Amino acid sequence: MEDKLLSYLIFIPLIAAALVVFLPSKQAQFARWVALVATSLNLWLGAGLYFLFQGAEDTDGLALFEKQAWFTLDLGGLGQWSADYFVGVDGISITMVLLSVLIMWVGVIASWKVQTKTRGYFALYLLLTSSVLGSFLALDLLLFYLFFEFMLLPMYFLIGIWGGKRREYASIKFFLYTLVGSLFILAVIIGLYASTYHPEATGEYVGVERTTDDALSYARSVQEDVETGMIAQDQLVRKLDLTQLPDPRNTLVDSVLSITNHAHWLGWSLRGLAFLLLLIGFGIKLPMVPLHTWLPDAHVEASTPISVVLAGVLLKIGGYGLLRIAYPIFPDAAVSFSTWVAGFGVLSIVYGAYTALAQTDLKKLIAYSSVSHMGFVLLGIAALNTEGVSGAIYQMFSHGFISPLLFLLAGVLYDRTHNRNIADYRGLGQVMPKYTAVIGVAFFASLGLPGFSGFIAELFVLIGAFSSEFVPTWMPFVALLGIVLGAGYYLWTLQRMFFGPLQLRQSSWRESLTDLTPREYLLTLPLVIAALLFGLFPQWVLNLTNGGVSRLIEGVTNNQALLQLLENL
Amino acid sequence: MALSVLGVAAVLFRKRPGRAKVETSPGILARLSYQALFLDLFYQKTVVPFSVQVGKATNWLDSRAWDGLVHLLSKGQVVGAQLVQFADRYLVDGLVNGVAKLAKRVGHWLSTPRSGQIQTYLIRALAVTVLVLAILILW
């Protein structure tokens, strides 16, 4: 069971999707039950993973992994191209995997009332679940890209078919934006493919004898053979293994992405350019200002459960991609671009917050608050220290359940009146006191009030940014403004919509404005409790991430020093 | 200790001697203090409208400038696609059709003066050869 746990996480939703597709049309209502069973199983496996993960990390930081040969292609003079079905979980991905299983489960319950094209909806939803988990678990860059790219398809249809009035526009915009980002990432993948080799696979292919069981020593001996020319170009095995790509010794001398390649394009080194492409690619997904305008439209037009998934999980793949791919593989460029990354982070924080302040649609306000909160992720990553990166991961985790909570609550109101205009409501607390209490807690959690998870995340990011040698001190100061503005737009909304005497744009709404139902409690309370628990007991998350974060920082620092050495040789 | 301090504070608060004093003899400092140094008013007149205006500006930038740029790019793509379609229909297809038409015309032109007299053909062949030679020499 443990050996295949990660595959179960990916394939259970995929098999369930196939089951849903083949359900007879008369049994279409069972689609939601299939989806619920599949995501509940995943939730249960996720809980198992949480307990298995504790203290199980190996020297590479992987607590669990699975590796199967996927395909091999002989390239003649270029050696061999090989790819693995390589999935694993470490300190960087564990929180994202746990978050995904929870949010995808919540999403199914939120989708319970979907009546149109039920089978199609749940099949696509389960396909999305599989792709999301695959993206977080993949340790082969090609496999990652496959899952990353595959996410587009179900999301496009889920927004485009089950969305609001301008769903076609929003879905096409989402698709095109993300596709452009994906192509930038693909360009870097091709560059890496042309520039790197896999030492262990090459050694086995050539038949280098293993004198020790230590994989690292074996890799070093193969690297020496490649450096001295004992292993020729046509004997190299190219494999986009994410655990091997960060090692600068696995990059071929004078190849496209070699540190010794001094070619420039528009004044950028090719490694710098590759990092920039990854930053744009993942920055679109995060989203980072000014690449963010797809997000408010997608959120406003998507149905509530899809907004929940989008805000809770999909955005995180952007931050995760930077941490998993861009920073470890291009540490030299990451360091030189850090100020820019932090700058984009601060811009996103302040710009997102100011724009949220001007919104009239509750859902759009939450969408812009997401842009602002994701800015903290960029700022934390740019700090490149344990506090900053831990804060960035914590922010992704925390925002992963606070933001879905807010979208669910916006959806509760929309379900009753089909209107989300802030100015059309006043004094909702009079008729929906429990709803008001929950949304009040959600607003406070989102604005980073101490005691909630958002506070821990933002605190870590700010401490990291203040103590970082890569982030100018004025930047975290400006970022503080985002927190103040966050309090401004949330409290203002609370005051306008929920306090004072009851005033509604249409008096007929009064009848439909009932308080939370048991199903809505089931959806929202776990997320409220999570926001509170992870705010009070941050150690539960930090224990999971600390090893991975330390290894990431150490790897980036060491590889950057090694790259400098290689460049000066 | 803490409880006793709280108790004394509660008693003093209940008596509230300061409040009556402010009401009876409002000096400048007392008035300022009563209005919280007019900080609320200051914020209402400066920070709040400024923040709202900046919010409106960034919202405009988002919906008009950024999205406008994206829409312009999209429209550019559509215009580009139409130009390519025009080029495809009238230039590429036109060239192919033109070559075919030219071949047909030339064939027609060559076949029309078919007289059956061998001398006419020889004269024409000679004329064409002289013309080609003249072009080659003069080039």
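The values are calculated or read from the model by the stated rules, or taken from the named source; none is laboratory data. Note that the structure is a prediction, hence the values are computed from the model and not measured. Every residue, glycine as well, gets a Cβ built from its backbone with ideal geometry; the counts of neighbours run over all protein chains shown. We work out accessible area using only protein heavy atoms, side chains counted, and drop any ligands, DNA or RNA first. Shrake-Rupley method; radii C 1.70, N 1.55, O 1.52, S 1.80 Å.
Points worth noting:
- Checked against the criterion of being assigned to a helix (DSSP H, G or I) and within 13 Å of chain B (Cβ to nearest Cβ), region A:314-321 contains not a single residue that satisfies it.
- Number of residues in region A:501-544 that are closer than 13 Å to A:Tyr394 by Cα and open to solvent by less than 50 Å² (accessible area, probe 1.4 Å): the value is 8.
- When we screen A:Thr39, A:Thr72 for residues that are in a helix (DSSP H, G or I), of a type in the set (S, T, N, Q) and assigned by TED's automatic domain parsing to the domain that holds A:Gly312, the only hit is A:Thr39.
- Set side by side, the residues A:Leu179, A:Leu245 differ, and just one is open to solvent by 40 Å² or more (accessible area, probe 1.4 Å) and at negative phi, which is A:Leu179.
- A single entry from B:Asn97, B:Asn59 fulfils the requirement of being of a type outside the set (Gly, Ala, Ser), closer than 30 Å to A:Leu347 by Cβ and either away from chain A (no Cβ under 14 Å) or open to solvent by less than 80 Å² (accessible area, probe 1.4 Å) (or both): B:Asn59.
- Restricting region A:337-357 to residues that are of a type in the set (S, T, N, Q) and under 21 Å from the mean Cα position of the chain (by Cα), the residue that is nearest to the other protein chains (Cβ to nearest Cβ): A:Ser348
- Filter result for the condition that a residue is among the aliphatic types (A, V, I, L, M), assigned by TED's automatic domain parsing to the domain that holds A:Phe337 and touching a residue at least 60 places away in the same chain (Cβ under 8 Å), over A:Leu491, A:Leu428: A:Leu428
- Among residues of region A:439-453, those that are in a helix (DSSP H, G or I), of a type in the set (A, V, I, L, M) and either surrounded by 23 or more Cβ atoms within 10 Å (Cβ to Cβ) or outside the structural domain of A:Met374 (by TED's automatic domain parsing) (or both), counted: 3
- Flag for A:Arg271 being within 20 Å of A:Gln564 (Cβ to Cβ), touching a helix residue (DSSP H, G or I) at 6+ places or on another chain (Cβ under 7 Å) and open to solvent by 70 Å² or more (accessible area, probe 1.4 Å): no
- Taken over region A:84-141, the residue count meeting the criterion of being part of a loop (DSSP other than H, G, I, E, B), buried (at least 24 other Cβ atoms within 10 Å of the Cβ) and either within 13 Å of the chain's Cα centre (by Cα) or charged (D, E, K, R) (or both) is 2.
- Checking A:Phe11, A:Phe53 one by one, the residue that is closer than 22 Å to A:Met96 by Cα and open to solvent by 10 Å² or more (accessible area, probe 1.4 Å) is A:Phe11 and no other.
- Looking across A:Phe148, A:Phe144, A:Phe174, A:Phe136, one residue alone is within 26 Å of A:Tyr414 (Cα to Cα), among the hydrophobic types (A, V, I, L, M, F, W, C) and assigned by TED's automatic domain parsing to the domain that holds A:Leu295. It is A:Phe174.
- Residues being farther than 21 Å from A:Gly343 by Cα, out of contact with any strand residue (DSSP E or B) (no Cβ under 7 Å at 6 or more places or on another chain), within 14 Å of another protein chain (Cβ to nearest Cβ) and open to solvent by 10 Å² or more (accessible area, probe 1.4 Å) - total across region A:454-500: 5
Residue-wise test of (1) within 24 Å of A:Tyr177 (Cβ to Cβ); (2) outside any helix (DSSP H, G or I); (3) away from chain A (no Cβ under 14 Å); (4) among the hydrophobic types (A, V, I, L, M, F, W, C).
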{"residue": "B:Pro26", "(1), (2), (3), (4)": "no, yes, yes, no"}
{"residue": "B:Leu29", "(1), (2), (3), (4)": "no, no, yes, yes"}
{"residue": "B:Ser33", "(1), (2), (3), (4)": "no, no, yes, no"}
{"residue": "B:Val52", "(1), (2), (3), (4)": "no, no, no, yes"}
{"residue": "B:Trp66", "(1), (2), (3), (4)": "yes, no, no, yes"}
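- Residues that are more than 30 Å from A:Gly91 (Cα to Cα), open to solvent by 10 Å² or more (accessible area, probe 1.4 Å) and either not in a helix (DSSP H, G or I) or not β-branched (Val, Ile, Thr) (or both) within region A:142-172 comprise A:Tyr156, A:Phe157, A:Gly160, A:Trp162, A:Gly163, A:Gly164, A:Lys165, A:Arg166, A:Arg167, A:Glu168, A:Tyr169, listed in sequence order.
- Contacts under 7 angstrom Cβ, first residue in region A:68-86 being farther than 29 Å from A:Phe136 by Cα, partner open to solvent by 80 Å² or more (accessible area, probe 1.4 Å), 6 or more apart: A:Gly77/A:Gln233; A:Leu78/A:Gln233; A:Gly79/A:Gln233
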